[in-house]
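Student: This structure is in structure tokens; I'll ask about it shortly.
Laboratory data are not the source of any read-out in this text; all were calculated from the coordinates shown. Computed from a predicted model, the values in this text were never measured in an experiment. Methodologically, a virtual Cβ is constructed for each residue, glycine included, from the backbone with ideal geometry; neighbour enumeration extends over all protein chains shown.
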Amino acid sequence: MPNTTAIILAAGSGTRMQSAVNKNLLLLAEKPVLAYTLHAFDSHPLIRNIILVAGQNEIESYQQLVNSMYLTKPIQIILGGKTRQESCWLGVQHVADADLVVVHDGARPLVNRGVITGTIEVANEHGAAIAAVKVKDTLKEINADGFVTNTPDRSYLWQAQTPQTSQVVLLRKAHELARQDNYIGTDEASLLERIGCPVKIVESDYQNLKITTPNDLIIAEQIMKDYQHTTTTKKPLPLLRVGMGHDSHRFVPEGDEKPLILGGITVKDCRGLAGNSDADVVLHAIFNALSQAIGARSLGHYADKMCLEHGITDSQAYIKVALKMIRERHYIIGNIGISLECKRPRIEPIVEAMKHSIADLLNTSPMQVGITATSGDGLTAFGRGEGIQVFVIVHLDNVGAASWTAQKEHFAI
């Protein structure tokens, strides 16, 4: 997945809140509004780091809040500008070595994890994406005298929210051109639209409201109470799941020219492994780990039919089945540990090639793939050179339906 930075805009004064306390620091269910927002992005597995844009009067308070939270991602607090657009531009200036940037309002504490994921995935493919909800009311266009001139078809109308996610290079270009032309947009998407960048909608929910008035705070508190009541009998999906997989194959007899395939790469000068498929014992163990993590079944349940009835012997095709299952349940791979027991081949020379092959197949980074090997002092058939045994442990992160209420239970202030 792409490297993604989150920019949290929290520099506004919030005059409509009619409070001496900045709206981002007002308490929502006994915790500051901004705390929920920060945790939503800090706990998201696709977010690498956070840039928090603050007003001059809030920098110290925000730093105290950050220091009091158990945050795991690097977070940088910077001074914002006089307008939202200027604050976003200053935030973009601090983005380094990222492919995507997610811009979100600090005062939207109830953002759904799945919406964040959706905008990242869509922006990665199309360039830009925004969270939005369908307009529920009939809208009217009027003239200068207050008379209705048109009733737009609301089936084409959406109410924009945040997060708004885009490729960094596109958002930088959009801001630069807007500054050159003294153009003030209403959100990041309007700047991108202006330079001809397609912006795709990711459907959000109406709970992702922005805290701007005292009534919004009351509504948000009621949403949280309602959600807590409805989840007393049905808990949300866990944010993390772990699975362990195992597989083993013996070598084919001498003279059999079947190639040895491990982790998707062909290993030279070594006999292959026996099996109806390509017998990639590493991928088979990975499949079992992924499947176990989500409570699904062993490799044979899925692969036997693919292999015996349809002639699909490439183990990479089996892994794609497992990946589809975990994505349908709103999980992605956090990291994966692989341990091989064998006398031959020597694993150390092919570790990096295997890591990159597996990472490409799993759509993750080689840094998230760990591989170790042992001969076990020849105490087993595998250590004596009769075959290869593999154990795999994988951890999965939830990127879908887990909401702010589930996230709230995982941090303290």
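Student: Give me the number: length gained by fully extending N276 to T83, i.e. 0.36 nm times residue separation minus the C-alpha to C-alpha distance, one decimal in nm. Write out the running numbers ahead of the final one.
Tutor: Values: separation 193, 0.36 × 193 = 69.48 nm, distance 6.42 nm.
Extra length available between N276 and T83 comes to 63.1 nm.
Student: Let's test the formula: R0 of 35 Å, r as the Cβ-Cβ distance of H301 and I265. What FRET efficiency results, to the nearest 0.05?
Tutor: Details: r = 26 Å, r/R0 = 0.75.
Taking R0 as 35 Å, the efficiency between H301 and I265 is 0.85.
Student: Mind listing the phi-derived Karplus ³J(HN,Hα) values for the stretch 360-371, rounded to whole Hz, using 6.51, -1.76 and 1.60 with θ = phi - 60°, and x for any glycine or proline?
Tutor: Values per residue, Gly and Pro as x: 4, 5, 8, 6, 9, 9, x, 5, 9, 10, x, 10 Hz.
Student: Moving on. Using just the helices of the chain, give the 222 nm mean residue ellipticity in deg cm²/dmol: DSSP H runs with n ≥ 4 each add -39,500 (n - 2.57), and the total is spread over all residues, rounded to 500.
Tutor: Working: 12 runs with 135 residues, N = 413.
Result for the chain, helices only: -10000 deg cm²/dmol.
Student: Cα centroids of the stretch 148-170 and the stretch 253-268: how far apart, whole angstrom?
Tutor: So the two Cα centres are separated by 54 Å.
Student: Once each part is reduced to its C-alpha centroid, what is the distance from the stretch 327-367 to the stretch 53-119 in angstrom?
Tutor: For the stretch 327-367 versus the stretch 53-119, the Cα centre distance is 33 Å.
Student: Separate question: Using unit Cβ charges (K, R positive; D, E negative) and no other charged atoms, how large, in debye to the nearest 20, is the dipole of the chain about its Cα centre? Don't skip to the answer; put the middle values down first.
Tutor: Numbers: 39 positive and 43 negative charges, 114 e Å.
Charge dipole of the chain: 540 debye, to the nearest 20.
Student: Would you list which lysines come within 25 Å of K173, measuring only between C-alpha atoms, while excluding same-chain residues fewer than 8 positions from it?
Tutor: The qualifying lysines are K82, K200.
Student: How much of the DSSP bridge set in the chain is antiparallel, in percent, rounded to the nearest 5?
Tutor: On the way: 40 of 67 bridges.
Close to 60 percent.
Student: Sticking with this one: In the stretch 4-234, if every C-alpha pair distance is counted and binned at 10 Å from zero, what percent goes to each bin?
Tutor: 8, 31, 37, 20, 5, 0
Student: So which residue, out of G146, G376, G127, gets the largest mean-square fluctuation from a GNM of the chain using Cα contacts under 10 Å as springs?
Tutor: Sorting by GNM fluctuation, first place goes to G146.
Student: Report the dimensions of the stretch 240-398 along its three principal axes from the alpha-carbon atoms, largest first, rounded to Å.
Tutor: Dimensions of the stretch 240-398 along the principal axes of its Cα atoms: 45, 36, 25 Å.
Student: Would you list which lysines come within 23 Å of K343, measuring only between C-alpha atoms, while excluding same-chain residues fewer than 8 positions from it?
Tutor: K258, K268, K355
Student: Calculate, for N57 and R194, the FRET efficiency according to 1/(1 + (r/R0)^6) with r their C-beta to C-beta distance and R0 35 Å; round to the nearest 0.05. Walk me through the intermediate numbers first.
Tutor: Working: r = 32 Å, r/R0 = 0.91.
The value I calculate is 0.65.
Student: Here is a follow-up. Can you compute 3J(HN,Hα) from phi for each residue in the stretch 286-296, using the Karplus curve 6.51 cos²θ - 1.76 cosθ + 1.60 with θ = phi - 60°, rounded to whole Hz and x for Gly and Pro?
Tutor: With coefficients 6.51, -1.76 and 1.60, one gets 4, 4, 4, 5, 4, 5, 5, 4, 9, x, 8 Hz.
Student: Return the distance in nm (one decimal) between the two label points of a simple spin-label model at Y70 and V148, each offset 7 Å from Cα along Cα→Cβ.
Tutor: Once both label points are built, they end up 5.5 nm from each other.
Student: Which residue, T37, T186, T117, tops the fluctuation ranking in a GNM of the chain built on C-alpha contacts under 10 Å?
Tutor: T186
Student: Next question. For volume of the Cα convex hull per residue in Å³, several values are listed as (1) 165; (2) 192; (3) 133; flag the one computed from this structure.
Tutor: (2)
Student: For a Förster distance of 56 Å, can you work out the FRET efficiency between the beta-carbons of V21 and Q316, rounded to the nearest 0.05? All intermediate terms of the calculation are to be shown ahead of the outcome.
Tutor: On the way: r = 55 Å, r/R0 = 0.99.
The value I calculate is 0.50.
Student: Highest mean first, how do 83-92, 257-266 rank when packing is the count of other Cβ atoms within 10 Å averaged over residues? Could the numbers behind the result be given before it?
Tutor: Details: 83-92: 20.5, 257-266: 18.8.
For the peptides 83-92, 257-266, the packing ranking is 83-92, 257-266.
Student: Treating only the Cβ atoms of Lys and Arg (+1) and Asp and Glu (-1) as charged, compute the dipole magnitude of the stretch 4-234 about its Cα centre; round to the nearest 20 debye.
Tutor: Values: 21 positive and 24 negative charges, 41 e Å.
Around 200 debye, computed over the stretch 4-234.
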